[in-house]
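Only one structure is covered here, and it is reproduced in the block below.
The values are calculated or read from the model by the stated rules, or taken from the named source; none is laboratory data. None of these values were measured; they are calculated from a predicted model. Cβ sites come from the backbone with ideal geometry, for glycine too, and all protein chains shown count toward neighbours. Side chains are part of the model used for accessible areas, which takes the heavy atoms of the whole protein and leaves out ligands, DNA and RNA. Shrake-Rupley method; radii C 1.70, N 1.55, O 1.52, S 1.80 Å.
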Amino acid sequence: MALHDTHYKHWEGRHLGIWSRRAVIAGQGLKSCLQVRWMRYIVTLCWASALLQVFLLFFLGQLLVADSIVVKWLSNLNPRLQAVGAALTGWLEQHPEISVRTSFNLLFYYFTSNLLTLTMIAIAISIPHLITRDLSSNAIIVYSSKAIGRFDYLLGKFATVVGLMVLTWLGPACAAWFTGNLLSPNWHFFWHSRLALGHTLLYLGSSMAILGILALGVSAISSRAKATTSLWVAMWLVGNALIPIAHETKPWLKHLSFSYNLEQLGLAVFQIQNDFRAAEQNIPFFGDMIRTIREQSRSTFDAPNLNGALLGLGAMMIISIVIIVRKVKPE
Amino acid sequence: MATPIIETANFCKRYGSLKALDSVSLQAPPGSIGLLGPNGAGKSTFMKCLLQLQPFDSGSAKLLGREVGHEGREIRKRIGYAPEQDCHIPGMVGCEYVTYCAQLCGIPFQSARQRAHEMLDFVGMGQERYRKIDTYSTGMKQRLKLAQAIVHDPELVFLDEPTNGLDPKGQAQILELIQSLRKDHGISVVLSSHLLHDVDRICDQIVIIARGRVLVHDTLENLKSRRRGAAEVVVANRHDELIQAFRRNSWPCEKLTNGHIRVEHAGENLNPLLRLMSDIQVTPLEIIPSPNALEEMFIKALGENQN
């Protein structure tokens, strides 16, 4: 008699395609990341930030509604702020296509830049869940023995980190754009703000791809979770610390910081210097404020160093890919 | 003749100057195949190269009639692998892990979950399937590895030292499961082990590997028949009388430490031995034909290889 209930059955169903298997890897990775409590806090914080953005867009839209609470509230403020409100309202009424585009573009640049910090923290938490733990636990052997290749595995893991960034970065931004427009008094807001959405998608799309590859590279560098997480944080912080040093010494040192390079990329994509110029010309308060910005900062906005940034990011990605190719093997 | 499940020709793998696999040429028909060899002989390397977990240097190989190196994904869809070392995903519970492995093979989630539970039943795991794998004992991990290897209903399963770290009862259970895969469900099994008893018990073909070379490849039956003419006789008393009778017949014999008498009677079958015992009126309690044939063959093959 058999020691166990040996009811082995053959399986005769239809196998799913390779894309669904890659999606399974991505889904499992994402689930594993979200099991970390701090990750859930960060995702919540990112969506809270989106809510704030929606509130600001709603505020902007309500300026066009004559008897809205926002207009009444503005009329009770001090004369200087009343003047700003009136100028903004006038600008919205006279040139809605420019004013909506400009204000959305500025807001989206500001929020996406800020969400980058939270996204970097989220990636730091997720790093061990990408490749590191598979290397330390030998799970990589199991992946390699299933009906998936190394490329499929990496694509799944890449989708994990991109999925995470969708939750912390792209998702809140797109949701804010859609909800902000939905709450606007005029359907034309959707059309006028299309450029801001385009800039956001372009910037976040390229940044997510770059950060995804860098995160995989760092995750693959060691099988020790603490080592890979520390390396990511160190790369980020040391890179940031290099920026002021680079100003004083060698300017190319700035490009060793991936957050600086991404910032340059953001400036080049959003082209906020045009928005500043438009706002400077149309809103007196804004003009005064912008004129007080130091010349150096203005030159940063006016001429982002895109070539240097792309070169820096490109070099980092190549190093990352080399690490992945060399390290992600069953043995 | 059925398509060979493993077919290699001049299959080579080097680690620097060391030849881990030295022109391995093999054709193995479906069945349960035991890969035997001392530690470092190249058994695991052979398996890993076939599964493309490691690249091979030269030669060609086919698994289930498909070219290794060109149809990797298709091959792996039809085979299962339980590695020697632990390979679970930290933080996962047992049934979740097996479900995930099924999904990696392209089984839709609902079916994967159902199939995972069926396989966990098959390998004899109870409620512990809902516990995190990190808390499992060695035996549970071995069962789990077997479950993940067969969850997608493969045609061929590679098992690398599947009884390592198990107590005798656990070993017996795992071996019985593996045996039933072949006997009752037609799944071919390649079992790598250095434990001759395991291989002797469940395999019908034996491949002995040493220093990266295939020294012997034959069916277990043929190997045992080569060692016909030897037997172990168990008697309750009159040991010395029996030994003297054997020696009078010029049959080399010796008394083993367990009290059994080992004799080389050189006959095709046991009839001459039985006749002699009948003549001197000694009644055996048990006669074990061709005892340790595999072990002797193994040692002999290794010895020849060293010479």
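Summary table
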item: The stretch B:164-185: number of residues that are open to solvent by less than 50 Å² (accessible area, probe 1.4 Å) and either away from chain A (no Cβ under 12 Å) or more than 28 Å from B:Ile299 (Cβ to Cβ) (or both); result: 7
item: Qualifying residue in the stretch B:95-109 (condition: farther than 29 Å from B:Thr45 by Cβ, of a type in the set (Gly, Ala, Ser) and more than 7 Å from chain A (Cβ to nearest Cβ)); result: no
item: Filter result for A:Leu52 (aliphatic (A, V, I, L, M), farther than 13 Å from A:Trp177 by Cβ and at pLDDT below 85); result: no
item: Residue within the stretch B:217-227 that is of a type in the set (A, V, I, L, M, F, W, C) and either part of a helix (DSSP H, G or I) or under 21 Å from B:Leu195 (Cα atoms) (or both) present; result: yes
item: Residue in the stretch A:191-205 that is buried (at least 19 other Cβ atoms within 10 Å of the Cβ), basic (Lys, Arg) and in a helix (DSSP H, G or I) present; result: no
item: Checking A:Val84 against (1) aliphatic (A, V, I, L, M); (2) surrounded by fewer than 23 Cβ atoms within 10 Å (Cβ to Cβ); (3) closer than 30 Å to A:Ser230 by Cα, the condition it does not meet; result: (3)
item: Residue count, the stretch B:64-84 (criterion: over 17 Å from B:Ile150 (Cα atoms) and outside any loop (DSSP other than H, G, I, E, B)); result: 3
item: Elements of type helices (runs of 4 or more DSSP H) in the stretch A:131-177, at least 2 residues being within 25 Å of the chain's Cα centre (by Cα); result: A:150-165
item: Failed item in (1) free of Cβ contacts under 8 Å to residues at least 40 places away in the same chain; (2) more than 30 Å from B:Ile107 (Cβ to Cβ), with A:Phe151 passing the rest; result: (2)
item: Subset of the stretch A:63-76 (residues that are more than 22 Å from A:Glu280 (Cα to Cα) and either open to solvent by 70 Å² or more (accessible area, probe 1.4 Å) or not β-branched (Val, Ile, Thr) (or both)); result: A:Ala66, A:Asp67, A:Ser68, A:Ile69, A:Lys72, A:Trp73, A:Ser75, A:Asn76
item: Failed item in (1) over 20 Å from the mean Cα position of the chain (by Cα); (2) modelled with pLDDT under 90; (3) within 14 Å of another protein chain (Cβ to nearest Cβ), with B:Asp86 passing the rest; result: (1)
item: Members of the stretch A:236-265 found to be out of contact with any Gly (no Cβ under 9 Å at 6 or more places or on another chain) and within 16 Å of A:Gly314 (Cα to Cα), listed by number; result: A:Gly239, A:Leu253, A:Leu262, A:Glu263, A:Leu265
item: Considering residues of the stretch A:125-138 that are more than 10 Å from every other protein chain (Cβ to nearest Cβ) and open to solvent by less than 10 Å² (accessible area, probe 1.4 Å) only, the residue farthest from A:Gly163 (Cα to Cα); result: A:Thr132
item: Selected residue (criterion: least open to solvent (accessible area, probe 1.4 Å)) from residues of the stretch A:29-45 that are in a helix (DSSP H, G or I) and in contact with a Gly (Cβ under 8 Å, 6 or more places away or on another chain); result: A:Gly29
item: Checking A:Val100 against (1) closer than 18 Å to A:Gly198 by Cα; (2) under 22 Å from the mean Cα position of the chain (by Cα); (3) of a type outside the set (Ser, Thr, Tyr), the condition it does not meet; result: (2)
item: Test: residue in the stretch B:123-132 that is of a type in the set (A, V, I, L, M, F, W, C), facing chain A (nearest Cβ under 9 Å) and over 28 Å from B:Gly37 (Cβ atoms); result: no
item: Yes/no for B:Ala149 being within 13 Å of another protein chain (Cβ to nearest Cβ), in contact with a Gly (Cβ under 6 Å, 6 or more places away or on another chain) and aliphatic (A, V, I, L, M); result: yes
item: Residues located in the stretch B:8-37, provided they are open to solvent by 40 Å² or more (accessible area, probe 1.4 Å) and on the phi > 0 side of the Ramachandran plot; result: B:Asn10, B:Gly16, B:Ser23
item: Counted residues, the stretch B:206-228 - those being open to solvent by 10 Å² or more (accessible area, probe 1.4 Å) and either outside the structural domain of B:Arg182 (by TED's automatic domain parsing) or on the phi < 0 side of the Ramachandran plot (or both); result: 15
item: Number of positions in the stretch B:67-86 that are touching a residue at least 60 places away in the same chain (Cβ under 8 Å) and open to solvent by less than 20 Å² (accessible area, probe 1.4 Å); result: 5
item: Matching option when the condition is within 10 Å of chain B (Cβ to nearest Cβ) and not polar (S, T, N, Q), among A:Val166, A:Val162, A:Val142; result: A:Val142
item: Evaluation of B:Leu64 against (1) over 21 Å from the mean Cα position of the chain (by Cα); (2) open to solvent by 10 Å² or more (accessible area, probe 1.4 Å); (3) within 14 Å of another protein chain (Cβ to nearest Cβ) (one fails), failing number; result: (1)
item: Residue under evaluation A:Ser184, criteria (1) buried (at least 24 other Cβ atoms within 10 Å of the Cβ); (2) not in a helix (DSSP H, G or I), criterion not met; result: (1)
item: Residues of the stretch A:103-130 satisfying the condition of being under 12 Å from the mean Cα position of the chain (by Cα) and under 18 Å from A:Ala279 (Cβ atoms); result: A:Phe108, A:Tyr109, A:Tyr110, A:Phe111, A:Ser113
item: Evaluation of B:Leu159 against (1) buried (at least 22 other Cβ atoms within 10 Å of the Cβ); (2) more than 9 Å from every other protein chain (Cβ to nearest Cβ); (3) free of Cβ contacts under 8 Å to residues at least 60 places away in the same chain (one fails), failing number; result: (3)
item: Residue tally, condition open to solvent by 20 Å² or more (accessible area, probe 1.4 Å) and either β-branched (Val, Ile, Thr) or touching an Asp or Glu at 6+ places or on another chain (Cβ under 8 Å) (or both), over the stretch B:254-269; result: 4
item: A:Ile148 vs. criteria closer than 15 Å to A:Ala26 by Cβ, open to solvent by less than 10 Å² (accessible area, probe 1.4 Å) and among the hydrophobic types (A, V, I, L, M, F, W, C); result: yes
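Table: residues versus (1) within 26 Å of the chain's Cα centre (by Cα); (2) within 20 Å of A:Ala124 (Cβ to Cβ); (3) among the small types (Gly, Ala, Ser); (4) modelled with pLDDT of 70 or more.
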{"residue": "A:Leu253", "(1), (2), (3), (4)": "yes, no, no, yes"}
{"residue": "A:Gln281", "(1), (2), (3), (4)": "no, no, no, yes"}
{"residue": "A:Phe285", "(1), (2), (3), (4)": "no, no, no, no"}
{"residue": "A:Arg294", "(1), (2), (3), (4)": "no, no, no, no"}
{"residue": "A:Ser299", "(1), (2), (3), (4)": "yes, no, yes, no"}
{"residue": "A:Pro304", "(1), (2), (3), (4)": "yes, no, no, yes"}
{"residue": "A:Leu310", "(1), (2), (3), (4)": "yes, no, no, yes"}
